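Worksheet for the structure shown next.
Any read-out appearing in this document is the output of simple, stated calculations on the displayed coordinates, not a laboratory observation. Note that this is a predicted model, so its numbers are computed, not measured. Note that we place each Cβ from the backbone using ideal geometry, even for glycine, and neighbour counts take in every protein chain shown.
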Amino acid sequence: MLGDKKVLFSGMQATGSLTLGNYLGALKNWVSLSDEYECFYSVVDMHSITVRQDPAELRKRARSLLTLYIAAGLDPEKNCIYYQSHVSGHAELAWILNCFTYMGELNRMTQFKDKAARHADNINAGLYTYPVLMAADILLYQADVVPVGKDQLQHLEITRDIAQRFNAVYGDVFTIPEPYIGSVGAKIMSLQNPAKKMSKSDENPNASIYLTDDKDTVIRKCKRAVTDSEAVIAYRQEQPGIRNLIDIYCACTGRTPEETVKEFAGRGYGEFKLAVGEAVADVLQPLQTRFEELSKDKAYIDGIIKRNAEKAGYCAAKTLRKVQKKIGFPERVR
Ligand code: TRP
């Protein structure tokens with residue numbers, strides 16, 4: 001707890017362009033959590049270098065992502081929006097937690113196995129200990145809840161194990177975090193393969209709608225979305241493509257699947273796809289406008305970066321000092 005609110009921590013990597021899936025599945029819900037929790041939203045640039053990055057590109061994307069957090073509606077006065085690399089406590093705690101993590105545990109991480117297979121020429125130790133850095137992110141702020149997608153649940157589980165192991169030796173140092181499974185958080189699938197999640201790392205640009213796509217592009221991608229030959233707009237497992245488009249439409253308009261099915265009864269896929277595209281464009285347009293405005297205001301964004309790094313640093317230092325003391329590092333001489 002920080003004050004009388006529970007603490008929430010989450011982060012995103014600044015690699016790839018954010019998709020509609022990231023927005024509807026995560027970012028949009030983050031906004032609704034700011035009142036209830038003391039929120040920390042990090043741009044986790046340290047995680048990004050586990051795969052090789054172009055320096056200029058990484059810096060640019062990190063700033064875009066931070067700006068996008070704000071454009072999406074996260075109030076930077078209420079939410080601590082900051083760069084992970086600006087708070088050295090992440091790296092310091094990660095080292096300590098490395099010494100409380102077993103190789104056997106890390107060997108079981110499915111994301112490591114996947115990434116190692118995809119980047120066979122660069123299976124570095126950072127890729128391997130990625131979950132420990134993530135544990136440090138979360139534990140550093142004594143987070144109570146962590147909104148994450150299903151693909152990150154295993155990392156949250158190992159975070160809890162590490163924290164419990166540490167607490168068992170040194171007393172109640174860390175809050176044990178819980179995953180936050182949102183009540184709505186639409187899961188948006190690929191437009192080209194509705195069995196797969198819409199992903200910013202998909203090689204096919206038609207599979208994902210990017211938050212930066214203009215209206216024409218959005219409509220074109222929706223029109224090309226893979227569907228079926230049933231020729232009825234129904235919300236059922238057997239029509240995953242149409243089902244996904246209904247989910248997107250509902251997430252953008254606030255309607256329910258039942259209402260949507262009724263609205264489009266007897267109408268063709270072409271017409272429905274166009275309506276989906278327009279609904280998506282209507283959601284993205286204000287976000288893009290705000291993003292452009294914010295991007296021009298360098299001084300404003302710089303101020304947020306500075307203030308929030310200080311705030312995060314202050315909270316991080318409190319936990320870190322406690323941890324260092326518990327494990328027996330000598331006290332600083334003042
Ligand atoms: N690994 C997460 C992802 O790729 C990003 C992340 C890093 C994160 N640290 C975190 C998410 C801490 C939640 C909490 O999605």
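Over the chain, what lengths in whole Å, largest first, do the semi-axes of the equivalent ellipsoid take, defined as the square roots of 5 times the eigenvalues of the alpha-carbon gyration tensor? Each semi-axis is the square root of five times an eigenvalue, giving 38, 22, 19 Å. Restricting the range 162-271 to chymotrypsin sites (Phe, Trp or Tyr not before Pro) that sit in a DSSP loop and have at most 16 other Cβ atoms within 10 Å of their own Cβ leaves 235. All other residues whose Cβ lies under 13 angstrom from that of residue 91 are scored, Lys and Arg at +1 and Asp and Glu at -1, for a net of -3.
Would you mind counting up the charge near residue 226? Only other residues with Cβ under 15 Å from its Cβ, with Lys and Arg at +1 and Asp and Glu at -1. After counting each charged neighbour, the total is +3.
The distance between label points at residue 161 and residue 98 comes to 1.9 nm (points 7 Å beyond Cα on the Cα→Cβ vector). Electrostatic bookkeeping for residue 162 treats Lys and Arg as +1 and Asp and Glu as -1; over the other residues with beta carbon under 13 Å from its beta carbon, the sum is -2.
Farthest toward the positive end of the dipole of the chain, out of 218, 129, 96, is the Cα of 96, where the dipole comes from beta carbon charges about the Cα centre. Secondary structure note: in the chain, about 15% of the DSSP beta bridges are antiparallel.
For a modelled paramagnetic label at residue 215, 7 Å from Cα along Cα-to-Cβ, the residues of the range 273-307 in reach, with backbone nitrogen under 20 Å, are 273-293. Dipole orientation for the chain: of the candidates 18, 320, 107, 320 has the Cα lying most toward the positive pole (charges on Cβ; Lys, Arg +1; Asp, Glu -1). Global size of the range 42-142: 14.9, 42 Å for Rg and Dmax (C-alpha atoms, Rg to one decimal, Dmax whole). Bridgeable lysines around residue 215 (alpha carbons under 16 Å apart, same-chain partners fewer than 8 residues away excluded): 223, 273.
Compute the Rg/Rh shape ratio of the range 132-202: radius of gyration over Kirkwood radius, all on alpha-carbon atoms. Using Cα coordinates only, the ratio equals 1.11. Basic side chains Lys and Arg get +1 at the Cβ, acidic Asp and Glu get -1 at the Cβ, and with that the dipole of the chain about its Cα centre reaches some 720 debye.
Using the alpha-carbon positions of the range 160-310, Rg (one decimal) and Dmax (whole number) come out as 20.8, 65 Å.
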